[in-house]
1. In terms of the Cα gyration tensor, with a ≥ b ≥ c the square roots of its eigenvalues, is the range A:110-191 rounded because a/c is under 1.5, prolate because a/b exceeds b/c, or oblate?
2. Which of B:183, A:139 comes first, and how do the rest follow, when ranked by fewest Cβ neighbours within 10 Å?
3. Rank the residues A:164, A:264 as a footprinting-exposure proxy: fewest other Cβ atoms within 10 Å of their Cβ go first.
4. How high is the relative contact order of the range A:33-164, in percent, counting Cα pairs under 8 Å that sit 6 or more residues apart?
5. Go from 0 up to the bin containing the longest alpha carbon distance in the protein assembly as shown, width 10 Å each, and give me the % of pairs per bin.
6. Wrap a convex hull around the Cα atoms of chain A, take a quarter of its surface area, and give that in square nanometres.
7. Under unit Cβ charges (Lys, Arg +1; Asp, Glu -1), what dipole magnitude, rounded to 20 debye, does the range A:24-300 have relative to its Cα centre?
8. Return P(r) of the range A:33-88 (all Cα-Cα pairs; 10 Å bins starting at 0; whole %; ordered from short to long distances).
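What follows is calculated from the coordinates using simple rules that are stated; it is not laboratory data. Owing to the predicted nature of the structure, the values given are computational and were not obtained by experimental measurement. A quick note on method: Cβ atoms are made from the backbone with ideal geometry, for glycine too, and the neighbour counts reach across all protein chains shown.
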Amino acid sequence: MKLQMKKYILITVVITGLTSCFTLDDNLFNKSELTEYKLDNYSGDVDFHLDNSFYIQDTMVHLFTLNSKATEESNATTIYALYIGDISKIATDTVIMYCHGNKDHMDFYWQRAKLLANTKSKNRFGVMMIDYRGYGMSEGKPTEDGLYADVDAALKWLKGKGLSNDRLLMYGFSMGTAPATKLSAESYSMKPSKLMLEAPFASAETMIQDGSGLAMPGDFFTTLKINNAEEIKTVTQPFFWIHGEADDFLNIDTHGAVVYSHYSGTYKESHRIPAAGHSTIQTTMGFQPYLKLVGDFITQH
Amino acid sequence: MRTNILLISITTLIYACSPGRYVKPLEKKQQAVNVSLGGPLIKYGAATIPIPFLTANYGYGIDSTLTAFGSANITAALFGNAQVELGVTKQVLKQNKYIPAISISPVLNIIYKNKDAKKLYPQLAINAFWEYGKHKNLIYAGLDNWFELSSKRAYGINQPNHWIFMPMIGHSFNNKKWNFNLEAKIIAPNISNEILVVDYVTPFKTHGALGVYFGCTRKF
């Protein structure tokens, strides 16, 4: 009898001892792969569709590849990038670096990027967007360090085209607020002059605590270091925050408001959008009022 | 950012919802090993599935009304966390025909990953149970309670929930050496599940989750 019980206990100990390698890190990335980009012709699910008044001429849409290499990597990863605007005028234009969210690929976010390309007037500002590694047609597997390296690869390309720091604006949406904030706070290829965050998250820990309803340490489930609430403390550039009050995914008070309150730079403005959800700020407040807010921040502060 | 993040919500919630332990105490000096599997029901595509949640448990009958037990959470171990439950079940009232026996189970639920990531959750289960038939099968109902002691969450935000209660009902099929247990539990019906991203199946629609569990016990 004792021998049998020892066997049960031994099995339990062995199972427990052999495990301990899982995290939820990969679940941050909700990517989809593509064989081609369709942009306006994309028929998959998107957050909203723009009418013809927001149309961007084909000659102003440029799809190309970049080589992205994180610090610890020995080989570069090929990622896809999209520039909306006149490439030959980057040396004199102002450019919005748009860091998209964790879902799908650039086709999904095309309408959002196109909307930003209509800020103030059509093609008044250039818009740069990339698919992070593993997203869309970009090669590789998404990682936290890869996010930063991929956005930095875009900044290197812009810098090579003559863009200066004072004409670079950083815009992040949802998961994209992580590279947007990090690359605004720390030393990378370029230093953006302004930072705009739409529906930012505070940290992986806040996400876990919101999800569980308990004050659990984030380390229980993830090794992700993404922490906008801490990173924002070292951002000094003017800061724009917009968040839906009805965001049922990244709660405005536990996520966005924390990031906003931790900013102590030169200028900040907040826009709490009543009745807007995580992905519906633009459609809830209307495209033109949204563009006015963004445009006024870019031109006035 | 939604869909795949749901796993975070699922996993954190199921940490708080293992099945009830030793509703009825073991006999004096009796030992038992139990393995249970189950978790909250969620809608996953067109299907409704339980999230698998595995725990292993050992119990020892101090006397016929008091059993001490310890559990290891295998799912937590998969994430590198040592999660153990240490507790006792004390029978405080004997069954009198249709009036059920009553037991209580105070438990300390300890989760440890490193010096910066550790938690202690006190639990208190109150159980009513009826034995019937020649095998002394068991029907039981009860209320399991979790207590969140932290007043603050990350970045100094007030912790909104300090009491998570879980009404449960179950049945145990018994024979001399083995028990097989089925249990249903409504997890946290006092807490909104609308921000949890996951489509939990629950009688309360916007609150809580419904968990189902299967357990197997070997007695010695």
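1. Oblate shape, in that a/c is at least 1.5 and b/c is the bigger or equal ratio.
2. With the sparsest Cβ surroundings first, the list reads A:139, B:183.
3. Fewest-to-most Cβ neighbours within 10 Å comes out as A:264, A:164.
4. 33 percent
5. 4, 18, 25, 20, 14, 10, 6, 3, 0
6. The directionally averaged projection comes out at 18.7 nm².
7. 1120 debye
8. 16, 40, 30, 13, 1
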